[in-house]
Amino acid sequence: MTLTVNTFDELKGFDEFVNCERYHDVVLVVGGQPLYAHKVILCSRSSYFKAMLERWVPSNQYAHPSPSPFFFEMGYNTNTFSCRSNMITIDADVHASTFVELLRFIYTGTCNVTSDNAVALLELADLYNLENLTALCEKHILASVTPQNLLQLLEVAVHYNARRLHTALVSYAINYCDILADMPPAHLLHLLAY
């Protein structure tokens, strides 16, 4: 007999370790604020963190930190982090509270997506290769689409590789063709042809 377990249900017990100093082995500094994390959890849930941390050695040891070749193969920007001791500075334009929600998702498979943080979390989900978080953000964004924010959200979908969101927004746009009529054709083609 095979028993299937919902992985995210099993992760709920990790919530107490989100941004918790207990047992942490790495500090992510976001906007000057230290956020405590655990390398094994970060690496097990994000190929970006895995690539970054597999080659990272604290500066007080025998080697200097360097990104793995995986960064270059995957097109990652190695300027988004810098390492010093067990600290990694995340040079992302994001509030620490939003990054905590990203960590919560990594640790538990759930997080608090709001209208204030949905686009920022979508950006982080794209950067850190978290497909399930991308889907969660897309769902939240779709629930808030209006004719007034449609074009902005289409640009967000294209910019952050959110294909499901893009497809749903294009379907929505068909119902509001008058909004699209005033757009320059090249820009309209860029947004719709993605």
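Values in this text are rule-based calculations from the coordinates and carry no lab data. Computed from a prediction, not measured in an experiment: that's the story for all the values here. Every residue, glycine among them, receives a Cβ derived from its backbone with ideal geometry; neighbour counts consider all protein chains shown.
Peptides 160-168, 109-117 ordered by packing proxy, namely the average of other Cβ atoms within 10 Å per residue, highest first: 160-168, 109-117. Fully extended, how many nm does the chain gain between THR167 and ALA186 (0.36 nm per residue separation, minus their Cα-Cα distance)? Full extension from THR167 to ALA186 adds 5.0 nm.
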